[in-house]
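As structure tokens, the structure follows; a few thoughts come after it.
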Amino acid sequence: MSRTLMIMVLSLTLLIPELATARWIDDIVSMEVEATGPVNFSHYNHLEALGKKCTLCHNNVYNIVRSKNPEFSMDDMRKGKACGACHNGNKAFAVDDDCSSCHPTRDITFAVEDGDAMFPHSVHTEMYSCGDCHTGVFIPDHQKSTRYTMDQMSEGESCGACHDGDTAFSVEEDCESCHDM
Ligand code: HEC
Ligand code: HEC
Ligand code: HEC
Ligand code: HEC
Ligand code: HEC
Ligand code: HEC
């Protein structure tokens, strides 16, 4: 099916919501976000929570033609735009409640010969927001990241931006707090 035809058929199903079934569409729409890594929006979970009503989002909140949607900031969402049309603490959990439900994180292991170092995201996301580290201190992509030495950390780079013995325990002590050694 050509893209134009597909869009026409979809537009028609939007006018007749009963005809629209979740099976016609892919579940996950991945939205690239440089500062946090991708947000994977699930159509199926939403259609289950809301009923199969495409018109709740299309096209007043989001156009189904993705290039027609501007990029939204978290501030736009706090003001009720995009995901914030529902994620306001009333219709669904608020955008400020739990960043990780939309921006998933995992613990990161840095391979080190003397003993791998572990970075527990959740310990940190309870104290900081994503923007405190991404992208200023770390890019949110472990494969492409710059590697640092302990000497550079002692000078305030990478983990050393906070683990300086003042904001958090120092990189010059407590090796075992981070390393499996
Ligand atoms: C809770 C909100 C919501 C509901 C309900 C919803 N969608 Fe979406 N839909 C989105 C979002 C968000 C996007 C991604 C928009 C973007 O990134 O620009 C999207 C994108 C799409 C796309 C474009 C996918 C692509 O890869 O180009 C299609 C097609 C689509 N939706 C169809 C539907 C249909 C059909 C229904 C009803 C069965 C539906 N949607 C219900 C929020 C919703
Ligand atoms: C039309 C209303 C509406 C819009 C718009 C909407 N949501 Fe939701 N969302 C809901 C409801 C209702 C639930 C289920 C109730 C709850 O969890 O609070 C939900 C649940 C979720 C969940 C938990 C379930 C899951 O899939 O893991 C996530 C994550 C989520 N939404 C992300 C998003 C993102 C990202 C956007 C914007 C791209 C968005 N939502 C836009 C209404 C909406
Ligand atoms: C309901 C889902 C949802 C929740 C909860 C959420 N975000 Fe987002 N966030 C998004 C989506 C979707 C985008 C991308 C929007 C776009 O590109 O149009 C985004 C974009 C961003 C961006 C890049 C744009 C900007 O504002 O700078 C940052 C940073 C961000 N989120 C951080 C956070 C933090 C921190 C939290 C918790 C306080 C959070 N988000 C909670 C869905 C969510
Ligand atoms: C205290 C600093 C810190 C905070 C706060 C933080 N991160 Fe991270 N994040 C990291 C570090 C360190 C890495 C690994 C980067 C590297 O390898 O250079 C990382 C990596 C990532 C990655 C890439 C994971 C992978 O598999 O490659 C994603 C996605 C990510 N973070 C998302 C987030 C989101 C979303 C938030 C907010 C909810 C957040 N981070 C808050 C430090 C942080
Ligand atoms: C706050 C957490 C943390 C503490 C504390 C820490 N390290 Fe590290 N260390 C790391 C991380 C993360 C890496 C990997 C950095 C990278 O690859 O970008 C690393 C890398 C290393 C490396 C390989 C790079 C190099 O400098 O040669 C050695 C060796 C090392 N650490 C030894 C130690 C010793 C010994 C201590 C105690 C005096 C220590 N570390 C304390 C987090 C820590
Ligand atoms: C934005 C500041 C910041 C950055 C950057 C940061 N940390 Fe932390 N970290 C903290 C704070 C604050 C604590 C809690 C206070 C304390 O224990 O001294 C903490 C605690 C920890 C803990 C102890 C967790 C627990 O179970 O109690 C580990 C392990 C850790 N950080 C590893 C790392 C590693 C590895 C890096 C670099 C990849 C890093 N941190 C980067 C601020 C930061």
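The values are calculated or read from the model by the stated rules, or taken from the named source; none is laboratory data. This structure is a prediction, so every number in the text was calculated from the model and none was measured. Cβ atoms come from the backbone with ideal geometry, glycine included; neighbour counts cover every protein chain shown. Protein only, heavy atoms only, side chains kept; ligands, DNA and RNA dropped before computing areas. Shrake-Rupley method; radii C 1.70, N 1.55, O 1.52, S 1.80 Å.
Using just the helices of the chain, give the 222 nm mean residue ellipticity in deg cm²/dmol: DSSP H runs with n ≥ 4 each add -39,500 (n - 2.57), and the total is spread over all residues, rounded to 500. Display every interim value, and only then the final one.
Numbers: 8 runs with 48 residues, N = 181.
The helix contribution divided over the chain gives -6000 deg cm²/dmol.
Determine the distance separating the Cα centre of segment 133-159 from the Cα centre of segment 86-117; give it in Å without decimals. Cα centres, segment 133-159 to segment 86-117: 18 Å. Averaging the sequence gap over all C-alpha pairs within less than 8 Å and six or more residues apart, then dividing by the number of residues, gives segment 38-90 a relative contact order of 19 percent. The residues of the chain expose, per residue, 71 Å² of accessible area to a 1.4 Å probe. Packing order of peptides 86-99, 111-124, highest average first: 86-99, 111-124 (average count of other Cβ atoms within 10 Å over each peptide's residues).
Rounded, prolate or oblate: which fits segment 108-178 when a ≥ b ≥ c are the square roots of the eigenvalues of the alpha-carbon gyration tensor, with rounded for a/c under 1.5 and prolate only if a/b beats b/c? Write down the numbers at each step before the final one.
Values: a/c = 1.38, a/b = 1.12, b/c = 1.23.
It comes out rounded by the Cα gyration axes.
Which of rounded, prolate or oblate describes the chain when judged by the alpha-carbon gyration tensor and an a/c cut-off of 1.5? Since a/c reaches 1.5 and a/b is larger than b/c, the shape of the chain is classed as prolate.
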